[in-house]
Amino acid sequence: MKKIIITLLFPLILIFISFLFVNIFRPEEIINFEYNEDDLKIKVFREENNTIEEMYFEDYIVGVLSGEMPASFELEALKAQALAARSYALNKIADNTNEDYDVIDTVANQVYLGDNDLKEKWKNNYSTNLNKIKKAVLETKGEYIAYDGEVIEAFFFSTSTGKTENSGEVFQTQLPYLKSVDSTWDESVSPVYKQEITMSLNDFYTKLNLNYSDTLNIENVKTTSTGRIKELKINGNLMNANDVYKKLGLKSTFFTINQVGTNVVINTKGYGHGVGMSQYGAQGMAKEGYTYDQIIKYYYQGVEIKKL
């Protein structure tokens, strides 16, 4: 009897093992986009090797989404980022008609990562992450953000201070859809919401090209309506906060500077310029069940979503 049972079970065990091998160990199939000859293309300047690559527009958005937002983010946040990236790129194409290329692949425009970059970045998670990114792009294919029928300046950044900024207080030009809004999600979801840096007084003065003094006196001269610093005086020297932010390697211009003995302690809140969509804010909204169009219309006021 035992021999009969074993004889019957053996083929079933083989089938089960084959099922596990096929469904667990086989490589995940990559989603492929289908294009027509007249589909939009974009010319990308690859800064590292000083070349220009022409590619289909949606393939470019896949590379930007992969470079600008973690693949671990919620799908709706990724979809919102896809619209912002697409809108930004459309403006660059329109602005650079007299140039050899439309966009640069670095933070000078938007970070774009090619396929080899992604394989190196994601390693064993390459297929899974790429498919998730492609799903976000495919489900929003051709969609962009418009205000009064025109493509918007779709600024975005990593992490807010709890509020986004009015564009006119950061970039001098106030655009009607880039107004300050509350972004309370960032504090709980962003790992870079706050930063503390400690350096010696000597290093502090050296980085800012200021004369050394044993006493540090800070005076905020001009701030935005949300509290970001625009101008400050350091020991009587009037300085632009953006210069201080860059020279000291800070994450934002929302900072405090204090002397502690012979050291300087700098605390910052937020990451980036603060205008437009907060990426970690979008992630927080998506976690709460907001859809990508709701995220877009929250961070960009009075806009509509259109399709190419």
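Here, each number is a calculation from the coordinates, and none is a lab measurement. Predicted model, so just to flag it, every value in this text is computed and none were measured. We place every Cβ from the backbone using ideal geometry, glycine too, and count neighbours over all the protein chains shown.
Once a ≥ b ≥ c are taken as the square roots of the eigenvalues of the Cα gyration tensor of the chain, is the result rounded (a/c under 1.5), prolate (a/b larger than b/c) or oblate (a/b not larger than b/c)?
prolate
Straightening the chain between Ser213 and Ala94 buys 37.8 nm, computed as 0.36 nm per residue apart minus the Cα-Cα spacing.
Each 10 Å bin from 0 upward holds the following percent of the Cα-Cα pairs of the range 115-187: 15, 28, 32, 23, 2.
Under a 5 Å amide H cut-off, with hydrogens placed 1.01 Å from N, Lys41 pairs with Phe57 among residues at least 5 apart or on other chains.
Only Cα sites of the range 106-239 enter the Debye sum here, all with the same form factor; the resulting log10 I(q)/I(0) across q = 0.19, 0.20, 0.22 1/Å is -1.28, -1.32, -1.37, listed in q order. Taken one residue at a time, the phi angles of the range 171-181 give Karplus couplings (6.51, -1.76, 1.60, θ = phi - 60°) of 10, 6, 9, 8, 9, x, 9, 10, 9, 5, 9 Hz. Gly and Pro are set to x. Please identify the GluC sites (Glu not before Pro) of the range 46-77 that satisfy two criteria: DSSP loop assignment and at most 15 other Cβ atoms within 10 Å. Which are they? Counting only loop positions with at most 15 other Cβ atoms within 10 Å, the GluC sites (Glu not before Pro) in the range 46-77 are Glu47, Glu48.
The value of relative contact order for the range 194-269, using C-alpha pairs under 8 Å at least six residues apart, is 37 percent. Here the Karplus curve 6.51 cos²θ - 1.76 cosθ + 1.60, taken at θ = phi - 60°, turns the phi angles of the range 255-261 into couplings of 9, 10, 10, 9, 8, 10, x Hz, with x standing for Gly and Pro. Computed from backbone phi, the HN-Hα couplings of the range 112-117 come to 10, 10, x, 4, 5, 4 Hz, rounded to whole numbers (Karplus: 6.51 cos²θ - 1.76 cosθ + 1.60, θ = phi - 60°; Gly and Pro given as x). A straight Cα-to-Cα reach below 14 Å connects Lys92 with the aspartates and glutamates Asp100, Asp102, Asp105, Glu150, Glu153, residues fewer than 8 places away in its own chain not being considered.
Mean separation of Cα pairs under 8 Å and 6+ residues apart, divided by the residue count of the chain: what relative contact order is that in percent?
21 percent
Here each label is just a point 7 Å from Cα along the line to Cβ, and for Phe171 and Thr184 those points are 2.8 nm apart. Per residue, the chain reaches -11000 deg cm²/dmol at 222 nm when only DSSP H runs of four or more residues are counted, each adding -39500 (n - 2.57). Annotation: amide H-H contacts under 5 Å for Thr226 (H modelled 1.01 Å from N, sequence separation of 5 or more, or interchain): none. Here, the range 194-269 has an Rg and a Dmax of 11.4, 33 Å when only alpha carbons are counted. Here the label points at Thr128 and Lys287, each 7 Å from Cα along the C-beta direction, are separated by 1.9 nm in the simple model.
Taking amide H as placed 1.01 Å from N in the peptide plane, the amide H of Phe255 sits under 5 Å from that of Ile229, each at least 5 places away or on another chain. Beta bridges from DSSP with both residues in the chain: antiparallel share about 90 percent, rounded to the nearest 5.
So which of Lys207/Lys269; Lys141/Lys251; Lys179/Lys230; Lys141/Lys194; Lys79/Lys179; Lys132/Lys230 end up more than 28 Å apart, counting from Cα to Cα? It would help to have the intermediate numbers written out before the result.
Details: Lys207/Lys269 21 Å; Lys141/Lys251 33 Å; Lys179/Lys230 17 Å; Lys141/Lys194 35 Å; Lys79/Lys179 22 Å; Lys132/Lys230 39 Å.
Beyond 28 Å between Cα atoms: Lys141/Lys251; Lys141/Lys194; Lys132/Lys230.
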